[in-house]
Amino acid sequence: MPRQKSKIIMFTGKGGVGKTTMSVATALHYAQSVKTLIVSTDPSGSLSEIFHTDVSKEITPISSNLDVIELTRKVVLHLWREKFADEIYTVISSFLPVEKDIIDYIEGAPGIDEEFMLDYVLTLRNAGTYEMIIWDTAPTAATLNLLFVQQLFYTHLTQAQKLYLKVKGVLNQVNPLELIHKWRRLTEEVIAMLKEDASAWVVTNPERLPVEQALFIGNSLVEFGIPLNGYILNKMLSAEVCRGNAFLETKRDNQMHWQQNLHKRTTDPIQIIPELVGDITEKDKLQQIADLLGY
Ligand SMILES: Nc1ncnc2c1ncn2[C@@H]1O[C@H](COP(=O)(O)OP(=O)(O)O)[C@@H](O)[C@H]1O
Ligand SMILES: [Mg+2]
């Protein structure tokens, strides 16, 4: 019997707003009942610290139902090379006189690492080993754009290739057209995965810059057709904590202003998480956050 494809929950937002914390809280919740994986593609990831284990080399089991991997740029580019370098060379060298080191230049192109992360998650999703994949740091609007542009590009590339091969009249052992078709299908599959099996939370803090950025991200995701769970407004100060302290009261007034601002500008759900004291990476704190997230 074919396994079910995994569901994916993505967390996105400005640096430092609480994406990793929300991802871990969510993963711990799901791991109580289903096989769960956290994938972090946050360049300033902190999963190894949170789990007191190096999770940056490979998928690492944390408990019976929870695995974790922190994908660094280095690992991603290594995997990308293993999977795509030969194919890319086959296609490019079929119509341009290039040496193998062309791959070094392509590897340096902006967005290649983030884009390959999409392919990595697609492979994980298709394997169906995990019922739930929690993705700490969703792809950026720039990467999603790249994906749609690429689809077009491959279509054009196919046309150009057909023409070229007609003129040239020969084929290598590996048909470059087939490779281009394969890449296009892969891109389509990634887009379908994001639309059909993924949903995103945009994490923000009650301040101007993270709120502006969150709305921009939220709107981009909707434009791309990725379902939005809503916004998580993290690190709200409670009224009791601030009472009698002029500094904190002013800070809270400002937070309330940005909370209302967010409410005015979106109809999507907004989950409020207070700023907690003590070590937030402790299990009971993360459980508290999971409860507040309404799981
Ligand atoms: N609700 C909260 N209360 C207190 N500290 C928090 C809360 N959420 C996150 N933090 C802390 O804020 C910092 C940034 O959070 P993190 O989840 O690493 O953000 P991101 O992944 O978006 O960069 C961390 O030190 C984290 O422990
Ligand atoms: Mg993080």
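The values are calculated or read from the model by the stated rules, or taken from the named source; none is laboratory data. Note that the coordinates shown come from a computational prediction; the quantities given were computed from them, not determined experimentally. Here Cβ is always computed from backbone atoms with ideal geometry, including for glycine, and neighbour counts include all displayed protein chains. Heavy atoms of the whole protein, side chains included, go into the accessibility calculation; ligands, DNA and RNA do not. Shrake-Rupley method; radii C 1.70, N 1.55, O 1.52, S 1.80 Å.
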Cross-link partners of Lys251 among lysines (Cα-Cα below 30 Å; sequence separation of 8 or more within a chain)
Lys14, Lys19, Lys235, Lys264, Lys283, Lys285
In whole percent, how big is the carbon plus sulfur part of the accessible area of region 30-133, probe 1.4 Å, protein atoms only?
55
Residues meeting the amide H criterion for Ser40 (H placed from the backbone, H to H distance under 5 Å, 5 or more places apart or on another chain) are Ile69, Glu70, Leu71, Asp136
For the chain, give the share of DSSP beta bridges that are antiparallel, in percent and rounded to the nearest 5; count only bridges with both residues there.
10
Give the whole-number value, in cubic angstrom per residue, of the convex hull volume spanned by the C-alpha atoms of the chain.
147
Over the chain, the sum of -39500 (n - 2.57) across DSSP H runs of at least four, divided by residue number and rounded to 500 deg cm²/dmol, gives at 222 nm -17500 deg cm²/dmol
Please identify the GluC sites (Glu not before Pro) of region 113-155 that satisfy two criteria: DSSP loop assignment and at most 16 other Cβ atoms within 10 Å. Which are they?
none
Solvent-accessible heavy-atom area per residue, rounded to whole Å², over the chain at 1.4 Å:
51
